[in-house]
Amino acid sequence: MALNPKYSNAGVNAEADALARLLDSGFLRIYDSTGTGQPANADTAVTTQVLLAELRFNATSAPAAAAGLLTFNAFTQDLSANATGTATWARALKSDGSTVVMDGSVGTAAADYIINSTAIAAGAEVDANSLTLQISKG
């Protein structure tokens, strides 16, 4: 028989809330696609990609999930971007700055991480508008 798990709201909310706690006071590092582009998965090290900006998650990154949906609180903006380039993906890390939690796409719409502009200039301010994450019920 094929595997076909289906999760309750309680199950997906618990998963989403645990993920949010990992990101409390964490980092959102925004990269370009230089070289190899976004890694195959969040366990793959960043190599030739250029770090464009680094934002911080709020001390409470997100309130409790509803039906598996996390809507993250406001980010602390990067007042001075690290480098110039086009933002294409980002990596979210725990507050220790080294433990990777997840990766995702970056854009001004229809992306995992929504920012004001994907054209980032060194020294410019970078703001993230929104981040939501939907945990699938299966």
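Derivation of every value follows stated rules applied to the coordinates shown; laboratory data play no part. Just so we're clear, the structure is a prediction, and the values are computed from it rather than from any experiment. When we count neighbours, we look across all protein chains shown, and the Cβ atoms used for this are built from the backbone with ideal geometry, even at glycine.
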Sole exception among (1) exposed (fewer than 15 other Cβ atoms within 10 Å of the Cβ); (2) more than 16 Å from PHE72 (Cβ to Cβ) for ARG21, by number: (2)
Hey, can you tell me all the residues within the range 43-62 that are under 14 Å from ASP32 (Cβ atoms) and out of contact with any strand residue (DSSP E or B) (no Cβ under 8 Å at 6 or more places or on another chain)? THR47, THR48
Can you name the residue in the range 104-138 that is outside any loop (DSSP other than H, G, I, E, B) and among the hydroxyl-bearing types (Ser, Thr, Tyr) and, of all such residues, is nearest to the chain's Cα centre (by Cα)? TYR113
Mind checking which residues of the range 17-31 are basic (Lys, Arg) and over 13 Å from the mean Cα position of the chain (by Cα)? ARG21
Could you tell me which residue of the range 105-126 is nearest to ALA45 (Cα to Cα), considering only residues that are touching a residue at least 24 places away in the same chain (Cβ under 8 Å) and crowded, with 16+ Cβ neighbours inside 10 Å? VAL106
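Conditions tested, residue by residue: (1) crowded, with 20+ Cβ neighbours inside 10 Å; (2) without any contact (Cβ under 8 Å) to a residue 24 or more places away in the chain; (3) charged (D, E, K, R).
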| residue | (1), (2), (3) |
| --- | --- |
| THR36 | no, yes, no |
| ASN41 | no, no, no |
| ALA45 | no, yes, no |
| ALA59 | no, no, no |
| ASP78 | yes, no, yes |
